[in-house]
Amino acid sequence: QVQLVESGGGLVQAGGSLRLSCAASGSIFRINAMGWYRQTPGKPRELVASIPSGGSINYADSVKGRFTISRDNAKNTVYLQMNSLKPEDTAVYYCNLKGVRRDSGSYYFIEYWGQGTQVTVSS
């Protein structure tokens with residue numbers, strides 16, 4: 001089993017900053033990518049940013065230049081630094097992990113989600 005523990009959400013005024021963290025633990029053989037998604041009521045969950053173990057970092061167009069995703073591989077932790085926040089960034093933010101676990105000599109793709117953390121940006 002894999003656990004993703006998120007922290008760092010909260011209430012901030014427009015123009016302010018927040019930093020989200022997500023620490024992964026448990027039965028992980030290899031992490032392929034970690035990322036952040038967000039969701040508002042009545043809308044589908046959307047990608048905010050993802051950082052693969054190999055390859056390019058990907059950002060949603062709406063956050064480019066304002067948000068920065070980073071990863072500490074030694075701690076299996078991903079961060080999302082959010083600057084110049086706007087009211088439209090208000091959402092529940094979810095951490096996502098894609099990877100591989102090993103069980104009795106076999107390998108399985110896995111995907112897990114964090115519990116979500118609320119980010120509210122006031123105007």
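The values are calculated or read from the model by the stated rules, or taken from the named source; none is laboratory data. If you're wondering where the values come from, they're calculated on a predicted model, not measured in any experiment. All Cβ positions, glycine included, derive from the backbone under ideal geometry; neighbour counts span all protein chains shown. Heavy atoms of the whole protein, side chains included, go into the accessibility calculation; ligands, DNA and RNA do not. Shrake-Rupley method; radii C 1.70, N 1.55, O 1.52, S 1.80 Å.
The residues 29, 109, sorted by heavy-atom accessible surface at 1.4 Å with ligands and nucleic acids left out, run 109, 29 from largest to smallest.
Excluding ligands, DNA and RNA, the accessible surface per residue across the stretch 1-68 is 54 Å² with a 1.4 Å probe.
Assuming charge only on the beta carbon of Lys and Arg (+1) and of Asp and Glu (-1), the dipole of the chain about its Cα centre is about 160 debye to the nearest 20.
Against the criterion of solvent-accessible heavy-atom surface with a 1.4 angstrom probe, 45, 66, 71, 102 sort, most first, into 102, 45, 71, 66.
For residue 64, what accessible area in Å² do you get when you roll a 1.4 Å probe over the heavy atoms of the protein chains, rounding to the nearest 10? Only protein atoms counted, so the area is about 120 Å². A cut-off of 5 Å between modelled amide H atoms, ignoring neighbours fewer than 5 places along the same chain, links residue 10 with 119, 120. Tell me, what is the percent relative contact order of the stretch 77-123, built from C-alpha pairs under 8 Å that lie six or more residues apart? About 45 percent, as a whole number. Keeping the other protein chains in place, figure out the carbon and sulfur percent of the accessible area of the chain, with a 1.4 Å probe. Solvent-exposed carbon and sulfur of the chain make up 48 percent of the total. Computed as a quarter of the hull surface, the mean projected area of the alpha carbon convex hull for the stretch 34-112 stands at 6.6 nm². Counting Lys +1, Arg +1, Asp -1, Glu -1, what net charge surrounds residue 107 among other residues with beta carbon under 15 Å of its beta carbon? Charge balance in the 15 Å sphere: +2. Ligands, DNA and RNA aside, residue 5 has an accessible area near 90 Å² when probed at 1.4 Å.
Based on C-alpha pairs under 8 angstrom that are at least 6 apart in sequence, the stretch 31-123 has a relative contact order of 28 percent.
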